[in-house]
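> Quick one: structure below, then a few questions.
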Amino acid sequence: MTDRSEPGPVVLRGVTVVSTRDGSLTPDMDLVLADGRIAEIKPATDGGEGAGGTAETVDAAGKFVVPGFLEMHTHVLGPDDPARDLELMLTTGITGFRLMGGSAKLLKQRRDGTLPLSGQTPELLAMPGAVLNPANAGTVRAAVATVREQHAEGADFIKTALVSGPVFFAAEAEARRLGLPIVGHLPAGIDVRAASRGGLRSIEHLGPGTGVLAGCSTDEAEIRAALSADPGVKAPPFRIPFADQVMGPVIRKLVINPVLRSRPLDVQMLRRAIDTFDQDRAAELAATFAADGTWHCPTLIRERTSELCDAPEFRDDPNLRLMDDKTVGEWRATAEKFAALPAGTRATYRDAYELQLRLTKLLDDAGVKLIAGSDSVGAVWEVPGYALHQEFDELARAGLSPLRVLQTVTLDAAEFLGRESTLGTVEQGKQADLVLLTANPVGDVAALHRIAGVVRAGRYHAAA
């Protein structure tokens, strides 16, 4: 990925174009790619190379072309060299990503054009500053100051995690005042309907934990009261200097598997939310999300690897060979710690995951907008790139149709980002970020795994 020269024209000959709008197929088409864009889409020709006879011609007969996959929840640009992870992502069809944990340093690198990205890596589509946490947003005053600071630094959105309810709502109000989207985790005991009404742009991980499930419970008031009375993390009464550096290592240890940091009260309230789940209340909450325009990035694979952490399917995943020994060792040790949890705790998390699958389908049926993300890089058992493909399978397991799964990672992701004019569909003038598949992705979600080639910024990369 060191060659940064501009690619020449490319023709994808005889391909079937898949519409991400309605799933319709247009077979035997030539896509002419030039200057990083889709220059022309026309019926296939038998001869000639197009683009003045200078184009690289790819025989795409029998193949299906879809927009490049947009990974909408990843932490790929961390403190370590991200080159391997970016390569794995491109290999698996990911041409763009939403970074979910930034920093003042990364925002400066983006301004200066020094991020380790190019036309041969996935495109950075959006990023926040540092995640709001007890070190930089321990009080309402500190949270407001941090939101203003990140806005001035050029953050595309604010992400919250591990903050109290009052801090969350103060940050949400300030972000709204500044015209800055706010996304992230729901604090313990929060009124999720109020968060939705306040302009929360997207909820990550279905909460996580008790988050959205509490809002679907007939015992919601009691669950919220119990969690609010003992919110857990105690925040300092001031902003910690160099908070990014202070909290970075702490957060990295936490995110491997947050389930291991759960208190007995958290497990108890999650169990209660599961046992008192009410279909009608869930439908009413989903209707609220849909009306407010509150999106969801379920990251089901993240929930699965955390809540079923000791499952043999993860330990025996052949893709672990792509990761370094240190990371795999940390993951195996994490799984051993999970296996040592009380049987009742592990059963609660297994039941929670099944309910989260059901909830995802309910949200989709209610018209709540969904985007696909994995939470890869840092999360237990998640191999970058391949984790998003596991997310496809989990969304299908939840009951989403193959077309809906495809839309969450193309058309809908582009809409969420405000990039419909350049991404999300295979149309003339759009960015030449594409995936060639050997099977019809509208017929079977498994076809999304069968990649024959990837085009990024107009450059064709064969599967090999």
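> Only one residue in ALA372, ALA414 is within 20 Å of GLY101 (Cα to Cα) and either among the basic types (Lys, Arg) or touching a Gly at 6+ places or on another chain (Cβ under 7 Å) (or both), so which one is that? Show your work before the answer.
Details: ALA372 fails: either among the basic types (Lys, Arg) or touching a Gly at 6+ places or on another chain (Cβ under 7 Å) (or both).
Matching residue, one of ALA372, ALA414: ALA414.
> What single numbered condition from (1) under 24 Å from the mean Cα position of the chain (by Cα); (2) surrounded by 20 or more Cβ atoms within 10 Å (Cβ to Cβ); (3) at pLDDT 95 or above fails to hold for GLY209?
Checking GLY209 against (1) under 24 Å from the mean Cα position of the chain (by Cα); (2) surrounded by 20 or more Cβ atoms within 10 Å (Cβ to Cβ); (3) at pLDDT 95 or above, the one that fails is (3).
> Follow-up question, since we're still on this one. Within region 205-221, count every residue that is free of Cβ contacts under 8 Å to residues at least 24 places away in the same chain and in contact with a helix residue (DSSP H, G or I) (Cβ under 9 Å, 6 or more places away or on another chain). Quick ask: steps written out before the conclusion?
From region 205-221, those free of Cβ contacts under 8 Å to residues at least 24 places away in the same chain are 207, 221; that's our starting set.
In the following step, the residues that additionally are in contact with a helix residue (DSSP H, G or I) (Cβ under 9 Å, 6 or more places away or on another chain) were identified as 207.
Qualifying residue count for the region: 1.
> Can you go through LEU265, LEU254 and tell me which one is over 23 Å from ALA221 (Cα atoms), in a helix (DSSP H, G or I) and in the same structural domain as ALA379 (by TED's automatic domain parsing)? Spell out the reasoning first.
On the way: LEU265 fails: over 23 Å from ALA221 (Cα atoms).
Only one candidate qualifies: LEU254.
> Which is modelled with pLDDT under 95 and surrounded by 17 or more Cβ atoms within 10 Å (Cβ to Cβ), of ALA55, ALA60, ALA34, ALA39?
Numbers: ALA60 fails: modelled with pLDDT under 95; ALA34 fails: modelled with pLDDT under 95; ALA39 fails: modelled with pLDDT under 95.
Going through ALA55, ALA60, ALA34, ALA39 in turn, the sole match is ALA55.
> Determine whether region 142-154 contains at least one residue that is of a type outside the set (Gly, Ala, Ser), in contact (Cβ under 8 Å) with a residue 60 or more places away in the chain and closer than 30 Å to VAL435 by Cβ.
Scanning region 142-154, I find no residue that is of a type outside the set (Gly, Ala, Ser), in contact (Cβ under 8 Å) with a residue 60 or more places away in the chain and closer than 30 Å to VAL435 by Cβ, so the answer is no.
> Grab the helices (runs of 4 or more DSSP H) fully contained in region 71-163, keeping just those with 3 or more residues being touching a Leu at 6+ places or on another chain (Cβ under 8 Å) and under 21 Å from LEU180 (Cα atoms). So that I can check it myself, show each step before the final result.
On the way: elements: 83-91, 104-112, 140-153.
By residue number, 104-112, 140-153.
> Using the structure shown, decide if GLY102 is crowded, with 19+ Cβ neighbours inside 10 Å, on the phi < 0 side of the Ramachandran plot and at pLDDT below 95.
Details: crowded, with 19+ Cβ neighbours inside 10 Å: yes; on the phi < 0 side of the Ramachandran plot: yes; at pLDDT below 95: no.
Against the criterion (crowded, with 19+ Cβ neighbours inside 10 Å, on the phi < 0 side of the Ramachandran plot and at pLDDT below 95), GLY102 does not qualify.
> Counting only residues that are within 15 Å of VAL455 (Cα to Cα) and assigned to a loop (DSSP other than H, G, I, E, B), which one in region 6-31 is modelled with the lowest pLDDT? Steps first, please.
Filtering region 6-31 for residues within 15 Å of VAL455 (Cα to Cα) gives 6-13, 15, 17, 30-31.
Adding the requirement that they be assigned to a loop (DSSP other than H, G, I, E, B) leaves 6-9.
Details: GLU6: 75, PRO7: 80, GLY8: 90, PRO9: 95.
Here the residue is GLU6.
> Quick one: would you say TYR349 is under 13 Å from PRO298 (Cα atoms) and among the aromatic types (Phe, Trp, Tyr)?
No.
> From the list GLY119, GLY96, GLY68, which residue is buried (at least 21 other Cβ atoms within 10 Å of the Cβ), in contact (Cβ under 8 Å) with a residue 60 or more places away in the chain and more than 14 Å from the chain's Cα centre (by Cα)?
Answer to the selection: GLY68.
> Of all the residues that make up region 18-33, how many are out of contact with any Ser or Thr (no Cβ under 9 Å at 6 or more places or on another chain) and farther than 20 Å from GLY458 by Cβ?
2
> Right, something else. Modelled with pLDDT of 95 or more and under 13 Å from the mean Cα position of the chain (by Cα) - does that describe any residue in region 348-365? Write out each step before concluding.
Initial filter on region 348-365 (modelled with pLDDT of 95 or more): 348-365.
Next cut, under 13 Å from the mean Cα position of the chain (by Cα) only: none.
No, region 348-365 contains no residue that is modelled with pLDDT of 95 or more and under 13 Å from the mean Cα position of the chain (by Cα).
> Tell me yes or no: at least one residue of region 389-400 is of a type outside the set (D, E, K, R), within 16 Å of the chain's Cα centre (by Cα) and not in a helix (DSSP H, G or I).
No, region 389-400 contains no residue that is of a type outside the set (D, E, K, R), within 16 Å of the chain's Cα centre (by Cα) and not in a helix (DSSP H, G or I).
> While we're on this one: Of the conditions (1) crowded, with 23+ Cβ neighbours inside 10 Å; (2) over 18 Å from GLY367 (Cβ atoms); (3) among the β-branched types (Val, Ile, Thr), THR408 satisfies every one except a single condition; which number is it?
Of everything listed in (1) crowded, with 23+ Cβ neighbours inside 10 Å; (2) over 18 Å from GLY367 (Cβ atoms); (3) among the β-branched types (Val, Ile, Thr), THR408 misses just condition (2).
The values are calculated or read from the model by the stated rules, or taken from the named source; none is laboratory data. Quick caveat: nothing in here was measured; it's all calculated off a predicted structure. Every residue, glycine among them, receives a Cβ derived from its backbone with ideal geometry; neighbour counts consider all protein chains shown.
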